[in-house]
Every structure is written in C-alpha cells, then in structure tokens.
Amino acid sequence: MKDVNEMTADELMQLAQEKQQKEKSAAKAAKNKYTNERDAFIALTLAQFSEVSAILSQLKKETIHRASEFRDRAWELQNQEPKDQKQFSIVTEDQQFKLVVENQERNAFNEHAQIAIERIKEILYNKFASRNKAMYNIINDILMKNKSGDYDPKLVAKLRKHEEALNDPEFSAALDELSKSYYVAGSATYVRAYKRDESNKWIEIPMQFSSL
C-alpha cells in the first residue's frame, strides 16, 4: 500500500471514502447481527412461554379434576353424598403435602352504583364535613376507586359497618340501592400446592414469576 505521505489529494479522498464505507458496513453488520439475535431470542422465549403456559393450563385442569374426585371419594367413604364446596383441601397421610382448590366469585357493580355512591357522598358531606372531618374522611376513602378504576367488591359490607352509627334513613336507602347494583360478574377456580418447611409450617410452592 502506498505511503499516506506520498498520496495525492484524490488518493487521500478515495482512502477516506473507503474507510468510511468499511465503517458503515461494519456498523450495519453489527446492527443486523444484533437484530437477528434479538428476534431469535424473543421468538424462542415466546415459544417456551407458550409451551410452559400450555403445560400449566393442563396441569391445573387435571389437578382440579383429580382433587375433586378424591374429595368426592372421601365423602363416599363416610357414606355421604358429595357436596359442592367453594374451597377444600386434600392432604397426604404424613401431613407433609397438601393441595387447596378454591372457587372465587368475581363481583362488580353495574352502572347504577355511581348514582348511589354520589348520593352517599352528598349525605356524608352534609352530615360530617363541617363537624366530624375524621369520620367524613374515613368513609369517603372507602368510596374511592382502586388502581384498576373499580370499586372495592367489599364496599357495601364496609359501609354497612357505619350504618348504625350514622343512623340516617337516607344513607340506609342509598346503601340499599348500592346493594342492588352489586352482582356476580363471574368466577374462577384456583389450585395451590403446599409443603411443610423445616419449622413444620405450610409453604406454598410458587407458580408465579413474582414469587420465584
């Protein structure tokens, strides 16, 4: 290769352009390598997630089915008709492992709830805002929506605790209307597995990333 000091201006320009082109090609190759490896990693991980999700879904289905069968057989061993239960457990003979199956209802409020809640807020404001700020703030906090934008499913029960102390017919009437807007939106069945630790306490075997 010709010495740089001996190159003409045109040759130096050509050399600079060649260097710049090589740098661009190297940068493009590095980016392509990154993109290809990233996409391959994501695709592989998604495939693994899908596979594990399918396995867990089938495991849950089979576990609930078999656990329910053993629950029914336990009733039959006592010469009794099996009964539906929202929650039940089956435990090994040595008391070291157990499965808990639980059916939980998902409750919600319909569009009429907001009307009743606004009425309750108005009653509370007129009754307590000026003379019992603490009570007003306590009950007003109960009426706040959660981070998901929903009202607490236990809202009616929490307000009922204050009904006797408030002793206000309008409050009770608004609370009754709120109760009517409460309905069962669905249900879900959960299964949890436990084992004894060294202290003989039940420890749940984690099945969520946040617990691993």
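The values are calculated or read from the model by the stated rules, or taken from the named source; none is laboratory data. Note that the coordinates shown come from a computational prediction; the quantities given were computed from them, not determined experimentally. We place every Cβ from the backbone using ideal geometry, glycine too, and count neighbours over all the protein chains shown.
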The one condition residue 74 fails out of (1) assigned to a helix (DSSP H, G or I); (2) within 30 Å of residue 199 (Cβ to Cβ); (3) of a type in the set (A, V, I, L, M); (4) outside the structural domain of residue 61 (by TED's automatic domain parsing) is (4)
Pairs returned, first residue in segment 128-148 that is among the polar types (S, T, N, Q), second residue that is assigned to a helix (DSSP H, G or I), beta-carbon separation under 8 angstrom, 6 or more apart or interchain, are 140/121; 140/124
Subset of segment 44-87 [surrounded by 10 or more Cβ atoms within 10 Å (Cβ to Cβ) and in contact with a helix residue (DSSP H, G or I) (Cβ under 7 Å, 6 or more places away or on another chain)] = 82
If you take the residues in segment 109-137 that are of a type in the set (A, V, I, L, M) and either out of contact with any Phe, Trp or Tyr (no Cβ under 7 Å at 6 or more places or on another chain) or closer than 24 Å to residue 60 by Cβ (or both), which one is modelled with the lowest pLDDT?
-> 134
Within the set of pairs 6+ apart or on separate chains, which have a first residue in segment 189-212 that is more than 19 Å from residue 86 (Cα to Cα), a second that is surrounded by 12 or more Cβ atoms within 10 Å (Cβ to Cβ) and among the polar types (S, T, N, Q), and C-beta atoms under 8 Å apart?
-> 195/96; 196/96
Residue, surrounded by the most Cβ atoms within 10 Å (Cβ to Cβ), within segment 138-152, restricted to residues that are at pLDDT 75 or above and in a helix (DSSP H, G or I) = 142
On the given criteria, is residue 22 basic (Lys, Arg) and free of Cβ contacts under 8 Å to residues at least 40 places away in the same chain?
-> yes
Could you tell me which numbered condition residue 41 fails, if it satisfies all but one of (1) exposed (fewer than 11 other Cβ atoms within 10 Å of the Cβ); (2) modelled with pLDDT of 90 or more; (3) not in a helix (DSSP H, G or I)?
-> (3)
Whichever residue in segment 162-209 is assigned to a loop (DSSP other than H, G, I, E, B) and among the aliphatic types (A, V, I, L, M) and, among such residues, is surrounded by the fewest Cβ atoms within 10 Å (Cβ to Cβ) | 205
Quick one: in segment 104-124, which of the residues that are of a type outside the set (A, V, I, L, M, F, W, C) and under 27 Å from the mean Cα position of the chain (by Cα) is surrounded by the most Cβ atoms within 10 Å (Cβ to Cβ)?
-> 107
